[in-house]
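Below: one structure, written as structure tokens.
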Amino acid sequence: FFFQAEDGIRDSVASRGLGDVYKRQVYIYDQAIPHEVACRIYNNPMAALGIERKILAENPKSIIITPGAASISKMLVNLLKSKGVEVICLVRNEDGIKVLKEMGHELAFNTSDAKFDEAITEIIKTHSPTVFVDAVANELSTKVFNLMPSKSVHIIFGGLGGKDALTVPVFPLVMTDKVVKGYSWSVEDFNKSKEEILKELSIVNNDLAHGGKLFGGPIVKEYKMTDFQKAIDEQPSYASKGAGIIWFTKQQQLFIETF
């Protein structure tokens, strides 16, 4: 199972040179795991484990997450529920609600619903979530965080809101002693030892080898390498339903890319 190596530049944050790439270049996964499942081992599951650590460090009883039906969010729902943490999911349409209900998760709210403001105000009042995990980071995020209790923590790990960017009102933040934090998997990954990475990969590997209760999920689209751009363009249309894979061959070996 090959990780990205190239010239040692793995992201926009840092270039580490080839000397450090050995830590992540090759990982031999359990051969009982089908190739199309194994290709999902590294990215989202590892990020989910990192975000889970950041959440649990705040010792919450209840949290909010958005987008609640994204692949990584569903992993977090599974991980946190197994630790006794209640998860309130915010999704953008009824498809997301349906996906979460099929997982057995009922605490989900459609942000496009006309009564969303009323619903989220009530759920925050009654459940008192103290951590907001957010990959959208837009004006809606600001509204939700403002409703949360004093000393709440806003953990941002993405910016899907695009131009509708997050704003942080200074006065409410200061007066309620709230905190805004960032999380980057690539930065955290950069600072891990080989042993730490292999330990987490083993956790994911073991889960996928036994049915993927925490990190598994359906493959809903498959593409040939010649349709790479089509695969990228279509991905947002089914992101809440599962993953897509691109199949390609090189030197008679099968490689798989997931997104």
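Please treat every number below as a calculation from the coordinates, not as lab data. Small disclaimer: the values here were computed from a predicted structure and weren't measured. Reconstructed Cβ throughout: ideal geometry from the backbone, glycine too, with neighbour counts over all protein chains shown.
What is the ratio of the Cα radius of gyration of segment 91-165 to 2.2 N^0.38 Å, with N the residue count, to two decimals?
1.11
Translational D (Stokes-Einstein, µm²/s) of segment 52-95 at 20 °C and 1.002 mPa s when Rh comes from the Kirkwood sum over C-alpha pairs?
In µm²/s, the coefficient is 202.
Applying a 10 Å radius around every beta-carbon, put 195-205, 219-229 in order of their mean neighbour count, most first.
195-205, 219-229
Among the listed pairs LYS81/LYS178; LYS83/LYS230; LYS143/LYS181; LYS81/LYS181; LYS61/LYS115, which have their C-alpha atoms separated by more than 28 angstrom in this model?
As for pairs spanning more than 28 Å Cα to Cα, those are LYS83/LYS230.
Between segment 71-110 and segment 194-221, what is the separation of their alpha carbon centroids in Å?
19
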